Amino acid sequence: MLSDLSKNIIHNEATDHVKKVSKDIFEEKTNIETRIKNLRERLQKGELEDPEVIVALIIDQIEYQKQLDYACTSPYFVRCDIKFEESSKIETIYFGRFQFRRDLIYSWVAPAASIRFEKPGHFSYKLPDGGIRKGKLLRRDQFMILDKKILFMSSESIEYSRELIYQEYFSQKKASFILPEIVEQMEKAQDTIIRSHYFGSFLVSGVAGSGKTTLALHRVAYLVQSPETEKLFLPQNITVFVQDDKTKNYFSGLLPELGIYRVNITTFDAWAMKILEIENYKFIRRYGYNELEKDNLEHAKNNALVNIDSSFDIKDINKTLEKVYEKYIPAELKPLLKKQLKNKLLDRFDLTILLKLKYKREKTLFEKVEKFKKQNGKYIKKIEKNPINYSLILVDEAENYLKDQLSLIKTCINSKTNALIYVGDLVQQTSLWTIKNWNDINESFNEDRKVILQKVYRNTRQILEYIKSAGFNIEINSKLKEGKNVIEKVFSKKVDEIKFVKEIINSSKNSTIGILAKTEEYLLDYKKFASENIHVMTINEAQGVEFEKVILVGINKDLYNNEDIKDPIKKERMLVNHDLLYVALTRAINELYVFGDREIKEFI
């Protein structure tokens, strides 16, 4: 056991090293800024040939500068003292999110980074050429560093067991952490799978709150940054599909934290409209005057999609869709379809049908790209139409895609990599008629091509116990934080429910609150509460986000029911409602309130 004096000495040495490294990185960042400035000036003066190459170089330097910005404040998270088998000297190396060789800091994607999972003693790891390097790990220190300051440090060596060297108190919220120590806390088994061979499809699945999205993004980061794969996976040739614009903005903040820039993040609807060159229409998630009407219209459209005829042209969108739907939309719904198209609104079925027709006619999907072309001694920008050929595709919340949506996306992958990453859980579906089995799109995943996460980290024990009591199969981690009991109330009048919600809001000063319900219509009375901290949204909109407090309102017999239903539309709706309820309950981090006209247990 280390004495307090020894711990202080280790902590002080580490503090001095962090300051020294941060200073070195800042100097390098300043040099990069000067280099970028000079290149821009020379480019503007016309002193450099081949501007396309110079622009690409400037972009690379800017991205490197951004990495240094992060590394300057949080340079590494592991120190390893190593004696390699072929050497007699002891080396001290560090592993961080980004590489900075000047101070022997290596990226977490480097082959040697696997050492950080080892206990002091003998180790070996595989080299890119297939060779094995061996050695002895003499000491390993783990850190959490933020704003050039050590918040946490532990140490272990061949002479002493793991000891807590220093820990600073920090709040549970940790607002500064966009990616809360994901790389640092990654388990060895997860790291091994993330480093698996690039070729082929890959699945990251798991219960809500298990961190599957962030783990998938680390798989992308590894492929982009690893020396063995970086030439295959250029960021500008990678596309990430997300559910909505809110998630798109969220991912746009996450990816740079991992050193990933210029990746195309899009929703399926925006992507489809771009390929189809549709400009005067808007996307609508569902269309109809009530939920039953929306369900019936989607069921009819899905039947048309499944049985689509490839002989239709798509010059006139409205006429094409009316013709496609002619024998599938019942007479009572045709006026509704006509009004939808007259208002220039398209849903996921419409876009998928149009895209499928285009693919059947042209045998591939095309997209417009900007390129520099030399003409009369000058470089001018030209728009070209090229076949889509992505090196890597990530589909987030894959369980909410139609079979044909995923099939169309698959046609756009480069055959040299065939690298698709699916992120999702088939028991968290929040939309009708979506994929039910991976075999539907000819996908199967070997053990080394999938990660199934069972542990939940974000919710309190009380919240998870309540969710489990509602009939959902989840694993409750024994190390979960404690919290308040879930409050479930039954109201005979909506006005009483609204009054109680107002009391919760008034008693919550700075907490982020999500007021969730199944339908937009039910939430109309709650829109007045919306603010910077209070988010009023449907359960569908809330998928993928979380709040310190969640107030689920409007629970009724239509939201959760396990009756044996024969009607295919009602059966599909009840299956999705079951998953919707699970999604809603798992959005809460600290406190959960469930309000309706009866308790959940009455539906089980």
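The values are calculated or read from the model by the stated rules, or taken from the named source; none is laboratory data. What you are looking at is a predicted structure, and each value in this text was computed from that prediction instead of being measured. Glycine gets a Cβ as well: all are built from the backbone with ideal geometry, and neighbour counts include every protein chain shown. Ligands, DNA and RNA are stripped out before the accessible areas are found, and what is left, the full protein with its side chains, is counted by its heavy atoms. Shrake-Rupley method; radii C 1.70, N 1.55, O 1.52, S 1.80 Å.
Numbers below:
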| item | result |
| --- | --- |
| Top positive-direction residue, dipole computed over segment 491-531 with Cβ charges, set LEU516, VAL495, PHE529 | PHE529 |
| Length released on extending from LYS339 to GLU63, taking residue separation times 0.36 nm less the Cα-Cα span | 94.6 nm |
| Between segment 235-306 and segment 47-65, the Cα center-to-center distance that results, in Å | 32 Å |
| Stokes-Einstein D in µm²/s, Kirkwood radius over Cα pairs - segment 322-471 at 20 °C with 1.002 mPa s viscosity | 109 µm²/s |
| Space enclosed by the convex hull of the alpha-carbon atoms of segment 206-322, per residue, Å³ | 190 Å³ |
| Whole-percent carbon and sulfur share, accessible surface of segment 26-93, 1.4 Å | 48 percent |
| Percentage relative contact order, the chain, counting C-alpha pairs under 8 Å, at least six apart | 11 percent |
| Förster-model FRET efficiency, 56 Å R0, PHE117 and LYS360, C-beta, rounded to 0.05 | 0.70 |
| Lys, Arg +1 and Asp, Glu -1 on Cβ, resulting dipole of the chain about Cα centre, debye, nearest 20 | 1080 debye |
| FRET efficiency, LYS368 to ASN446 (Cβ-Cβ, R0 30 Å, nearest 0.05) | 0.20 |
| Share of carbon and sulfur in the accessible heavy-atom surface of segment 425-582 [1.4 Å probe, %] | 47 percent |
| ILE383-GLU13 pseudo-label distance in nm [points 7 Å out on the Cα-to-Cβ vector] | 6.2 nm |
| Neighbourhood charge, 11 Å Cβ-Cβ cut-off, centred on TYR125 and excluding it, Lys, Arg +1 and Asp, Glu -1 | +4 |
| Solvent-accessible heavy-atom area per residue, rounded to whole Å², over the chain at 1.4 Å | 50 Å² |
| Full-stretch length increase - SER124, GLU546 - with 0.36 nm per residue and alpha-carbon distance subtracted | 147.9 nm |
| Cα-Cα P(r), segment 401-462, percent of pairs per 5 Å interval | 3, 12, 22, 22, 17, 11, 8, 3, 1, 0 |
| Distance (nanometres) between label positions extended 7 Å along Cα→Cβ at LEU164 and SER507 | 3.2 nm |
| Rg/Rh ratio calculated on Cα atoms of the chain (Kirkwood radius) | 1.00 |
| Label-point separation, ALA189 to THR73 (7 Å along Cα→Cβ), nm | 3.5 nm |
| Stretchable slack from VAL55 to SER492, in nm (0.36 nm times residue separation minus alpha-carbon distance) | 150.8 nm |
| Charge-dipole axis of segment 202-309 as Lys and Arg at +1 and Asp and Glu at -1 on Cβ define it, positive-most pick from LEU217, ASN237, LEU258 | LEU258 |
| Mean Cβ neighbour count within 10 Å, used as a protection proxy, ranking 241-247, 469-475, 103-109 highest first | 103-109, 241-247, 469-475 |
